[in-house]
Amino acid sequence: MIQLKIKPLIYKYDTVKEFLEDFEVGKNDLVITNEYIFNPEKYGIDCHVLYQEKYGLGEPSDEMVEDMYNDIKHVDYARVIAIGGGTVIDVSKLFVLTNVSPVLDLYERKLEIKKSKELVLVPTTCGTGSEVTNIAILELKSRKTKMGLAVDEMYADSAVLIPELLYNLPFKVFATSSIDALIHAIEAYVSPKATPYTEMYSIEAMKLIVDGYNKIRDNGQEARIAILEDYLIASNYAGIAFANAGVGAVHAMSYPLGATHHVPHGESNYAIFTGVFKAYQRLNPDGKISKLNCFLAELLNCEVERVYEELENLLNVILPKKPLREYGTTLEELEEFTENVMTKQGRLTANNYTELNREEVYNIYKSLL
């Protein structure tokens with residue numbers, strides 16, 4: 001059994017200028033980004049560029065990708081450079097493939113998957129970890145759900161960490177993205193595919209994130225500025241962990257919520273997170289979750305029996321948790337959400353800590369309504 005796979009080379013630079021010079025960014029590159037994050041003209045760079053916000057706001061979708069593809073399908077470029085958050089990074093992975101459109105056909109595996117471009121991923125949030133994964137998550141509008149395409153052809157050739165890019169990150173985006181990273185680490189830790197190597201990355205990510213949250217709780221939101229590099233590295237660690245071990249029911253159950261009510265990914269994960277892990281605890285208390293609980297209790301300085309209550313108390317300082325009804329979710333929708341999880345999210349539910357049948361999934365949703 002493979003214990004650990006890290007595909008991209010991982011670089012770190014203090015500044016964007018150093019990265020641009022070292023990677024010799026220029027005419028043969030397609031840069032996909034947001035104009036408020038990176039403008040090539042500011043650095044005197046002559047390259048092809050797509051600004052993601054021109055094609056829609058919020059989570060990435062098949063419609064967004066189709067529109068972007070129409071604008072660049074005749075452009076000659078050898079390398080895709082993504083500088084942005086999860087939306088930019090996920091859509092950019094698709095543009096290294098020879099066959100992108102129709103996007104629905106790509107996600108339903110009706111198109112040949114072949115890589116034809118080099119890929120460089122530069123994250124500007126501290127949560128997705130997508131720079132080291134082979135997964136691209138899209139909202140498929142006609143299917144009313146999110147789906148992931150996971151193929152080795154979408155691994156980056158280079159992942160680049162630049163702490164400077166996080167300095168202007170709004171606190172809400174910091175909160176949702178870093179909670180996403182924490183959940184990546186926790187779900188990967190209890191995954192049946194976890195190995196001692198992935199556990200190491202999960203543990204280090206959890207430690208950096210929770211320790212940082214304690215500092216923010218004690219010293220205020222601005223305390224994050226001094227530790228943003230820690231969060232960028234923690235997100236990367238968590239990405240390595242879940243790229244190998246996978247994530248499970250939290251992500252699977254968050255996708256219908258996020259797609260239906262347009263909830264940011266990290267926030268929708270948090271809305272589901274403790275509900276799933278309390279169910280895991282009830283169904284299989286003596287397995288690996290007991291080791292997780294002891295580790296988290298140590299980080300939180302609390303009794304093991306109170307670990308999820310205390311973790312939620314800490315996370316609520318960073319991002320107050322909402323019941324599902326506050327996002328517009330109705331009791332009637334829970335059956336649809338459950339059906340989606342059971343029939344569309346098998347790639348994720350295969351990584352569940354313990355089996356969750358249809359009734360369990362529905363009851364978790366209902367408990368969170």
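The values are calculated or read from the model by the stated rules, or taken from the named source; none is laboratory data. The model shown is predicted, which means the values in this text are computed figures rather than measured ones. No Cβ is skipped: glycine too gets one built from the backbone with ideal geometry, and neighbour counts run over all protein chains shown.
Brief remarks on what is shown
- Single match in Glu59, Glu63 (criterion: among the acidic types (Asp, Glu), out of contact with any His (no Cβ under 8 Å at 6 or more places or on another chain), in contact (Cβ under 8 Å) with a residue 12 or more places away in the chain and under 30 Å from Phe242 (Cβ atoms)): Glu63
- Tally, over segment 130-164, of residues that are more than 18 Å from Ala243 (Cβ to Cβ), modelled with pLDDT of 90 or more and in a loop (DSSP other than H, G, I, E, B): 1
- Residue match in segment 292-299 (condition: touching a Ser or Thr at 6+ places or on another chain (Cβ under 6 Å), in the same structural domain as Gly246 (by TED's automatic domain parsing), modelled with pLDDT of 95 or more and surrounded by 14 or more Cβ atoms within 10 Å (Cβ to Cβ)): no
- Selection within segment 41-69 - assigned to a helix (DSSP H, G or I) and under 26 Å from the mean Cα position of the chain (by Cα): Gln52, Glu53, Lys54, Tyr55, Asp62, Glu63, Met64, Val65, Glu66, Asp67, Met68, Tyr69
Residues are listed down the side, and each one gets a yes or a no for (1) outside the structural domain of Thr124 (by TED's automatic domain parsing); (2) out of contact with any Lys or Arg (no Cβ under 8 Å at 6 or more places or on another chain); (3) surrounded by 13 or more Cβ atoms within 10 Å (Cβ to Cβ); (4) touching a residue at least 60 places away in the same chain (Cβ under 8 Å):
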| residue | (1), (2), (3), (4) |
| --- | --- |
| Lys27 | no, yes, no, no |
| Ile32 | no, yes, yes, yes |
| Tyr36 | no, yes, no, no |
| Val49 | no, yes, yes, no |
| Thr87 | no, yes, yes, no |
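- Against the numbered list (1) within 27 Å of Lys172 (Cβ to Cβ); (2) touching a residue at least 40 places away in the same chain (Cβ under 8 Å), Thr330 comes up short only at (2).
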